[in-house]
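Below is one structure; the comments refer to it alone.
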Amino acid sequence: MVTLTLFSFAAIVISINISRVNTDLKIRLDNTLALAKKSLAEPLWNFDQNTVDRFVEALLLDESVVYVKIFDGEDLIKVP
């Protein structure tokens, strides 16, 4: 009985933590996307390649960002 109670409690705590982590990641993703949209709001042909590269490098400084794709409409512009 004690084992079942502890197992149930652990399952509930793990579920709550997973939900919290997912929420935090979603918020970070939304914030990063908002930053990217504002930072690269001009058409990409107005930027040189070094500017785009530095922007991608800056995004990747955040440890939670592991992959960046930059699109111009439907065309893929940059994947580091």
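We did not get these values from a lab; they are worked out from the coordinates using the rules stated. Model, not experiment: these values are computed from the prediction. In this analysis, Cβ positions are derived from the backbone assuming ideal geometry, glycine residues included, and neighbour counts consider all displayed protein chains.
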If Lys and Arg each add +1 and Asp and Glu each add -1, what is the summed charge of the other residues whose beta carbon sits under 13 Å from the beta carbon of ARG20? +1
In nm, to one decimal, how far is the LEU25 label point from the ALA10 one, both placed 7 Å along Cα→Cβ? 2.2
For the stretch 12-25, take each phi angle, set θ = phi - 60°, evaluate the Karplus expression 6.51 cos²θ - 1.76 cosθ + 1.60, and give the result in whole Hz per residue in order, putting x for glycine and proline. 5, 5, 5, 4, 5, 5, 4, 4, 5, 5, 4, 5, 4, 5
Sort the stretch 1-53 into rounded, prolate or oblate with this rule: let a ≥ b ≥ c be the square roots of the eigenvalues of the Cα gyration tensor; rounded if a/c is under 1.5, and if a/c is not under 1.5, prolate when a/b is larger than b/c, oblate otherwise. prolate
Label-point separation, ASN17 to ALA58 (7 Å along Cα→Cβ), nm: 3.5
